[in-house]
Amino acid sequence: PRGGGRFGRLELLYNHSAAIMAAASSGGAAAASRIKSLTTNLIRIERVDAFGRRCAALIGVGHIHLSDGVLNQQRGGSTSGSGGVFSAAPFLFGADYQHHFYTLMPTPPFKPLSYSDDFCISSPQDENDCERVQFVSGMALVDKKGAPARKPSEGDALLLAYGVNDCEARVGRIPLGKVWEMLKPLPGETACAAF
């Protein structure tokens with residue numbers, strides 16, 4: 001603010017969670033009703049749609065955890081998608097994390113467009129198993145060589161930065177084409193907005 005004044009009044013302009021919940025309750029997007037935390041930065045992605053038009057979206061990663069930790073249970077408030085039915089002992093805040101991709105319209109009001117089914121990142125020790133605590137917190141678009149992509153193109157991938165068991169930092173890579181395949185449009189929407 002100018003002159004050192006106060007910031008001003010904040011006003012909610014759009015409630016994305018409410019739109020996702022309404023879509024889910026109408027029957028078409030049950031997985032979207034489980035979105036708890038939208039945890040990464042958003043990245044603009046583009047592609048050519050089924051009609052040959054260019055389309056774009058903002059993509060992010062969200063997560064839920066299916067079991068509550070001791071501290072969440074002591075506070076009396078569940079933060080897990082299961083309502084705290086399962087114990088995450090010995091983890092204090094929760095475990096059994098599941099992630100999902102989601103896209104938003106790339107222009108205001110940034111309406112939700114699509115989501116993916118839940119997924120977890122496999123453990124390096126056993127590709128058929130996932131760590132109980134994993135949390136994707138950052139994302140970057142990279143080209144075929146692994147360099148930062150300046151403009152989205154065929155062959156790009158998403159680089160996901162994530163933590164494991166609250167003590168290791170790791171990076172994983174998923175082809176952007178695979179992510180597009182995972183996305184399911186919300187009722188009446190497409191995975192990206194034509195431009």
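The values are calculated or read from the model by the stated rules, or taken from the named source; none is laboratory data. Since the structure is predicted, the reported quantities are computational estimates derived from the model, not experimental observations. Neighbour counts are summed over all protein chains in view; Cβ atoms, including those assigned to glycine, are modelled from backbone coordinates with ideal geometry. The accessibility values were calculated without ligands, DNA or RNA, using every heavy atom of the protein model including side chains. Shrake-Rupley method; radii C 1.70, N 1.55, O 1.52, S 1.80 Å.
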- Message: When you scan the range 108-116, do you find a residue that is farther than 19 Å from LEU176 by Cβ, surrounded by fewer than 16 Cβ atoms within 10 Å (Cβ to Cβ), more than 16 Å from the chain's Cα centre (by Cα) and at pLDDT below 70, even just one?
- Response: no
- Message: Can you find a residue that is modelled with pLDDT of 90 or more and of a type in the set (Lys, Arg) anywhere in the range 180-191?
- Response: yes
- Message: Can you confirm whether ALA147 is modelled with pLDDT under 90 and either on the phi > 0 side of the Ramachandran plot or surrounded by fewer than 18 Cβ atoms within 10 Å (Cβ to Cβ) (or both)?
- Response: no
- Task: Mind counting the residues in the range 85-107 that are within 20 Å of GLY62 (Cα to Cα), of a type outside the set (S, T, N, Q) and either surrounded by fewer than 15 Cβ atoms within 10 Å (Cβ to Cβ) or modelled with pLDDT of 80 or more (or both)?
- Result: 9
- Checked against (1) in contact (Cβ under 8 Å) with a residue 40 or more places away in the chain; (2) under 17 Å from VAL48 (Cα atoms), TYR162 satisfies every condition except (2)
- Task: Give the residue, chosen from LEU141, LEU160, that is open to solvent by less than 50 Å² (accessible area, probe 1.4 Å) and farther than 25 Å from ASP96 by Cα.
- Result: LEU141
